[in-house]
Amino acid sequence: MYKTSKYNYFIENDGSVIYSNGLSNHCFSVKKIEHERLQLLLNDLISFEINYNSVFLKFVDWGFIINEDVDEIDIIRYRNRKATIESRHYNLVINPTLECNFNCWYCYENHPIGYMSKNTVELIKKHIDYMVEKRHIDSLHLSWFGGEPLLYFDEIVFPISSYAKEVCASSNIPYSSSVTTNASKINMEMIYKMISINMNDFQITIDGSPVRHNKIRNEKGIPSFDLIMNNINRICELNEHSHITLRINYDDKTLKDNLLKEVFENIPIQYRRRISPNFQRVWQTFDKKGKDNLENVERKKIIQICNNLGFKFDSPSNAFQPGKYYKCYVDRFYHAEINYDGKVYSCTARDYSDDYVTGVLKETGELVWNETERVKRYSKATFENAMCLKCKYLPLCLGPCSQKIKETSKEHLKDLCYLNYTEVSPETVIIEYFNRKMRLLREHDAGY
């Protein structure tokens, strides 16, 4: 016997209807009249199987129809456990410093003066040895964060990265590196060094059009917009393997600025396929929404403009991610963050006070975790609550992140639901996912 999946989505889109399944991620489009016929069949699976067997079997293969004894939530649980606990791909975040040459008004961090000591640098090298030789990780990714990490590129970032690359090469495991940077300190010599240490992934932030950006992101009043955009172009020019997440921090005024469109139009066409715009509302301007609120129309418009210009989008929303089996990189077991002072943390979106220390880095290179904290974070999946388990968008969302769950009482958990805050609906994410698949098929057929 069969039943329909709980995670089937049917979304009207430009005169047609997109069919998408949240577990299989299969999607296709049909005309409205075909949709009406298919809905009748889906409401009578016995007739569907008898009269249109080949189509029925396709719907089974694509996950829209499943065996009656299948528990789809157990499938989600299983995939989540594999992605968070079983995966031995190690993501190590390192803060060379919390200093920053900018002073953005919305930054949640304090910026104490100081940078990583030579002793801590050596400890991190020992830790890399330990993880490769003793824990037998399958790959290593160094993620450089701060503060502004490139303030100490030659002193800290480059030597640790070079060592990590060499260790991984000798053990025949993949190594990669990324950096979250304001990009103001990048120069040509640094880019060539970045290439040599496999630093190919960048997250770089702008705050809208040049005038607006320069009011927020400047070094003692010196504008930074042109410098940052020139460095983005230079990275793309010199490093053919580079990928840039261009984060746009916005409030209600940013997206209404007509000059924002020109920012994307001025990026050379040949670089756009390696740049992913990522729109993030400044957290102090978040406002809880009612269920009847419309999506952020201005955000949808600028995303569509970026799509039309040829930029690469993984998803128009960070809340809903088709095909991803964990909420946040912090939710993964093989993840850690080492601060410039040697203290160990988990979440990069909190300050670096002792309240958030989660482990100790030993002289041997072993990282000893606070087991009480680990139990709270990893004993349950992020969606193991009544609110998430009954939600039809569960496969796309997977609930709040583990850090927020740790900090929130059960009676206030409903306040964390992304449907109360998101400015991009799950339906819009599914439509964009479908459109992206269609674009990839067209590009494949065209031989791109």
(message) Checking the structure you have, find out if any residue of the stretch 225-237 is surrounded by fewer than 21 Cβ atoms within 10 Å (Cβ to Cβ) and in a loop (DSSP other than H, G, I, E, B).
(response) no
(request) Evaluate the stretch 299-320: report whether one residue or more is open to solvent by 70 Å² or more (accessible area, probe 1.4 Å), aliphatic (A, V, I, L, M) and not in a helix (DSSP H, G or I). (result) no
(request) Kindly indicate which of Val55, Val30 is out of contact with any Pro (no Cβ under 7 Å at 6 or more places or on another chain), over 26 Å from Cys397 (Cβ atoms) and not acidic (Asp, Glu). (result) Val55
(request) Scan the stretch 419-429 for residues that are surrounded by 18 or more Cβ atoms within 10 Å (Cβ to Cβ), modelled with pLDDT of 90 or more and either among the aromatic types (Phe, Trp, Tyr) or within 26 Å of Lys380 (Cα to Cα) (or both) and jot them down. (result) Pro426
(message) For the stretch 1-108, give me every one of the strands (runs of 3 or more DSSP E) that falls completely inside it and has 2 or more residues that are open to solvent by 70 Å² or more (accessible area, probe 1.4 Å).
(response) 8-13
(message) List pairs: first residue in the stretch 198-225 and without any contact (Cβ under 8 Å) to a residue 24 or more places away in the chain, second residue open to solvent by 10 Å² or more (accessible area, probe 1.4 Å) and among the polar types (S, T, N, Q) anywhere in the structure, Cβ distance under 7 angstrom, at least six positions apart or on different chains.
(response) Pro223/Asn214; Phe225/Asn214
(request) Check off (1) within 16 Å of Pro322 (Cβ to Cβ); (2) open to solvent by 40 Å² or more (accessible area, probe 1.4 Å); (3) of a type in the set (Asp, Glu) for Glu432 and give me the number that stays unchecked. (result) (2)
(message) Tally up the residues in the stretch 109-153 that are assigned to a loop (DSSP other than H, G, I, E, B), open to solvent by less than 50 Å² (accessible area, probe 1.4 Å) and hydroxyl-bearing (Ser, Thr, Tyr), please.
(response) 0
(request) Enumerate the pairs (first residue in the stretch 63-80 and within 12 Å of Ser5 (Cβ to Cβ); second residue anywhere and among the charged types (D, E, K, R) and assigned to a loop (DSSP other than H, G, I, E, B)) with beta-carbon separation below 7 Å, excluding pairs fewer than 6 apart on the same chain, so at least 6 apart or on different chains. (result) Glu72/Lys6
(message) Need the failing condition index for Phe10 against (1) over 30 Å from Ser143 (Cβ atoms); (2) touching a residue at least 60 places away in the same chain (Cβ under 8 Å), just the number.
(response) (2)
(message) Please count how many residues of the stretch 183-224 are surrounded by fewer than 17 Cβ atoms within 10 Å (Cβ to Cβ), assigned to a helix (DSSP H, G or I) and either among the β-branched types (Val, Ile, Thr) or in contact with a strand residue (DSSP E or B) (Cβ under 7 Å, 6 or more places away or on another chain) (or both).
(response) 2
(request) Sort through Tyr340, Tyr325, Tyr329, Tyr271 and tell me the only one that's open to solvent by less than 70 Å² (accessible area, probe 1.4 Å), under 22 Å from the mean Cα position of the chain (by Cα) and either on the phi > 0 side of the Ramachandran plot or of a type outside the set (Gly, Ala, Ser) (or both). (result) Tyr271
(message) Where the second residue is modelled with pLDDT of 95 or more and in a loop (DSSP other than H, G, I, E, B) and the first is closer than 15 Å to Asn233 by Cβ and among the charged types (D, E, K, R) and lies in the stretch 176-191, which pairs have Cβ atoms under 9 Å and are six or more apart or on separate chains?
(response) none
(message) Filter the stretch 343-374 down to the residues that are of a type in the set (Phe, Trp, Tyr), within 14 Å of Ser402 (Cα to Cα) and more than 20 Å from the chain's Cα centre (by Cα) and list them by number.
(response) Tyr356
(message) For the stretch 386-414, give me the residue count where each residue is in contact (Cβ under 8 Å) with a residue 60 or more places away in the chain and surrounded by fewer than 19 Cβ atoms within 10 Å (Cβ to Cβ).
(response) 2
(request) Answer with yes or no whether Phe158 is aromatic (Phe, Trp, Tyr) and open to solvent by less than 40 Å² (accessible area, probe 1.4 Å). (result) no
(request) From (1) out of contact with any strand residue (DSSP E or B) (no Cβ under 8 Å at 6 or more places or on another chain); (2) open to solvent by 30 Å² or more (accessible area, probe 1.4 Å), pick out the condition that doesn't hold for Phe383. (result) (2)
(request) Name every residue in the stretch 298-323 that is closer than 17 Å to Ile430 by Cβ and of a type in the set (S, T, N, Q), in order of residue number. (result) Gln304, Asn307, Ser315, Ser317, Asn318, Gln321
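The values are calculated or read from the model by the stated rules, or taken from the named source; none is laboratory data. All of these numbers come straight from a predicted model, not from anything done at the bench. Note that each Cβ is placed from the backbone with ideal geometry, even for glycine, and that neighbours are counted across all protein chains shown. Remember, those area values only see protein heavy atoms, side chains included, never the ligands or the DNA or RNA. Shrake-Rupley method; radii C 1.70, N 1.55, O 1.52, S 1.80 Å.
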